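The values are calculated or read from the model by the stated rules, or taken from the named source; none is laboratory data. If you're wondering where the values come from, they're calculated on a predicted model, not measured in any experiment. Cβ placement follows ideal geometry from the backbone for every residue including glycine, while neighbour counts extend to all protein chains displayed.
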Amino acid sequence: MQLLGERAEKVRGGMVDPSEDNMLKITGDGRKAALDMQLVTGRPASTPGKLQAAAENIARLYHATRERSYLDPLTGQPSATAGALQIVFCDLSTPAREGWNAYDQLRDELVDRGLPAERIRYIHQARDDLEKARLFATCRNGQVSVIVGSTQKMGVGTNIQPRAIALHHVDAPWRPADIAQRDGRLIRQGNQNPTVAVYRYVTEGSFDTYMWQTLERKARFIGQVMRGRLDVREIEDVGEDVLGFAELKAIASGDPLILQRAKIDAEVERLARVQRAWQRGHQALRATITAASLRSDAREQQIAAVSQALPQVRDTRAERFSITIAGRTHAHRTDAGGALARGLRAVAPGPARPVAQLAGLQVDAELRGDHHGEQYVSLTLHGLPAHPATLKRSQLADAGLSLIRQLEHRVQTLPELVARLDTERTEALREAGAARDQLARPFKYADQLDAARQEQQQLAEQLAERHHDRQHAEHAVALTAGDVDADLDAATVPASPPTADTEPSLDPQTAESLRILRATQPAPITEALRSPPTPGPPARSPAHAPSRSPRPRR
């Protein structure tokens, strides 16, 4: 893990080309190291690991259940073959023709613990659907005690549950759906065992912790989506499938405080993101309040305008029809349509201008164009929010009567327009009120964020204090080494080399120090004894640290 941490630091510092090493490769190697160090180093691990722990547990269950009786799934009668089945999932280091792999290592470990080799099978040994069906049949009838496979090959369509007593997750996949598929091989209808067991194997201080935490976070995300709760505006991001620098450093250190600091840092960042989203939501709520208030005011003014115009409206239905166009009153709709069409041909682009009087209301006309170059004539009731009557200018010769009927309909439905505007005003007021209520609510995770920040501060202070204590201890050791150097410098050494029977005249403390140093590094001490005598160490300035001697230190 320390080497992985160093690799991560180099990647972070840009000291290595991304094509040679990157966080994705480091994550992959970390997963391999969590399974077995031999996948990374190429050499057998010096201590038992996850494969050995799994083998021990699988062998224990095998010996405890090998005499257990089951019913034949086809006949429903007691089977002549006893023994339960155990399912083992491992996605990394699948069987290969050459080189070491986790599958063969696990099989050898199981054989060493008393399992018959012929009762241990790999899903990879089935090369096609027919061979896979035969293998599954042997699992169901008791001829296989342990089957090992990957999620991809032994997931969907694997029906071997009748005797399945336990399932072992030797490694962790990336997706919660893979966990569901794995567990579904054991926990399903048709299993004859009253109770079953699911085992997950984790290497302490490795990437396993991160993998299972990632699965838990993804499962929570998917659960939030699938529940479809309408009161939840945002859900937590699932993140990436690559370890971050802080997480990797924390795992590599193995220090509980650093691990806890990395965890609380991630929690603070998560809650801070939620708070920022809440603050952005407040901005959106303020914009909603402003827009709804403006819309409500506009509908209020429009209702007032229509209500003021209603007493002036005259009935134009049936024979009571009358319209004034260009100063002339028309009582027949056909004649009025032709006159209106002729008058509209003269309308030029620009502001709306009056072209007629209908039912006591002024009719305005405006010429508009679209991005295709087509021109439209738009007729509106002056000052009223009724929907305009529109027609292509090229159709005026044949559709003047259509405009007359559209205008009459607008006049006759003015009371309904007032009701619709009042409904829209009420809805705008309701929307603004709901937004104000949301705006008044406090951030519901404020206490959690404050507590997380306090814990973050406490951990930072503890780590800083520990760092200070370590520096202080190192400084004290350096000062002690400096005193020894000073004693060595002050020692009086004879000019001639000492013989085997002669030692320089030294005080007992210095002599003991020399004896220890000679025992550990005799050559430098001998050279020191052969050096010319010195008058003693130079005076030291209080403003400077003690001078250091190049001689070996104790």
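Cβ separations smaller than 6 Å between residues 6+ apart or across chains give the following pairs from segment 341-358 residues that are exposed (fewer than 10 other Cβ atoms within 10 Å of the Cβ) to residues that are in a strand (DSSP E or B): P349/L367.
Can you find a residue in segment 168-190 that is under 21 Å from Q52 (Cα atoms), surrounded by 16 or more Cβ atoms within 10 Å (Cβ to Cβ), within 31 Å of the chain's Cα centre (by Cα) and modelled with pLDDT under 90? For segment 168-190, residues under 21 Å from Q52 (Cα atoms), surrounded by 16 or more Cβ atoms within 10 Å (Cβ to Cβ), within 31 Å of the chain's Cα centre (by Cα) and modelled with pLDDT under 90: present.
Considering segment 5-58 alone, what residues qualify as being among the hydroxyl-bearing types (S, T, Y) and under 18 Å from T209 (Cα atoms)?
First, pick out the residues of segment 5-58 that are among the hydroxyl-bearing types (S, T, Y): 19, 27, 41, 46-47.
Scanning segment 5-58 gives a single hit, T27.
Give the residue that is surrounded by the fewest Cβ atoms within 10 Å (Cβ to Cβ), with candidates limited to residues of segment 110-140 that are basic (K, R) and touching a Ser or Thr at 6+ places or on another chain (Cβ under 9 Å). Among those residues, the one meeting the criterion is K132. When L384 is tested against (1) part of a helix (DSSP H, G or I); (2) crowded, with 17+ Cβ neighbours inside 10 Å; (3) of a type outside the set (G, A, S); (4) at pLDDT 90 or above, only condition (1) is not met.
Residue-wise test of (1) within 14 Å of V306 (Cβ to Cβ); (2) modelled with pLDDT under 85; (3) in contact with a His (Cβ under 7 Å, 6 or more places away or on another chain); (4) not in a helix (DSSP H, G or I).
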site: V355; (1), (2), (3), (4): no, no, no, yes
site: E366; (1), (2), (3), (4): no, no, no, yes
site: S378; (1), (2), (3), (4): no, no, no, yes
site: Q395; (1), (2), (3), (4): no, yes, no, no
site: L407; (1), (2), (3), (4): no, no, no, no
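Among the residues making up segment 323-368, those that are under 18 Å from V313 (Cα atoms) and either touching a Pro at 6+ places or on another chain (Cβ under 8 Å) or not assigned by TED's automatic domain parsing to the domain that holds L407 (or both) are Q362, V363, D364.
Kindly establish whether P162 is part of a loop (DSSP other than H, G, I, E, B) and either more than 23 Å from N193 (Cα to Cα) or acidic (D, E) (or both).
Values: part of a loop (DSSP other than H, G, I, E, B): yes; either more than 23 Å from N193 (Cα to Cα) or acidic (D, E) (or both): no.
So P162 fails the test.
Look at segment 151-186 and say how many of its residues are free of Cβ contacts under 8 Å to residues at least 40 places away in the same chain and over 30 Å from G30 (Cβ atoms). So the answer is 3. Here L407 passes the criteria (1) out of contact with any strand residue (DSSP E or B) (no Cβ under 9 Å at 6 or more places or on another chain); (2) assigned by TED's automatic domain parsing to the domain that holds A336 except the one numbered (1). Just one residue in the set L429, L367, L396, L401 is touching a residue at least 24 places away in the same chain (Cβ under 8 Å), more than 30 Å from L294 (Cα to Cα), surrounded by fewer than 19 Cβ atoms within 10 Å (Cβ to Cβ) and touching a helix residue (DSSP H, G or I) at 6+ places or on another chain (Cβ under 8 Å); that residue is L401. Here segment 432-454 is the region considered, the condition is being assigned to a loop (DSSP other than H, G, I, E, B) and loosely packed, with under 14 Cβ neighbours inside 10 Å, and the residue that is nearest to the chain's Cα centre (by Cα) is K444.
From the list D17, D21, pick out the single residue that is in a loop (DSSP other than H, G, I, E, B) and surrounded by 13 or more Cβ atoms within 10 Å (Cβ to Cβ).
D21
Going through (1) surrounded by fewer than 16 Cβ atoms within 10 Å (Cβ to Cβ); (2) at pLDDT 85 or above one by one, L35 falls short only on (1).
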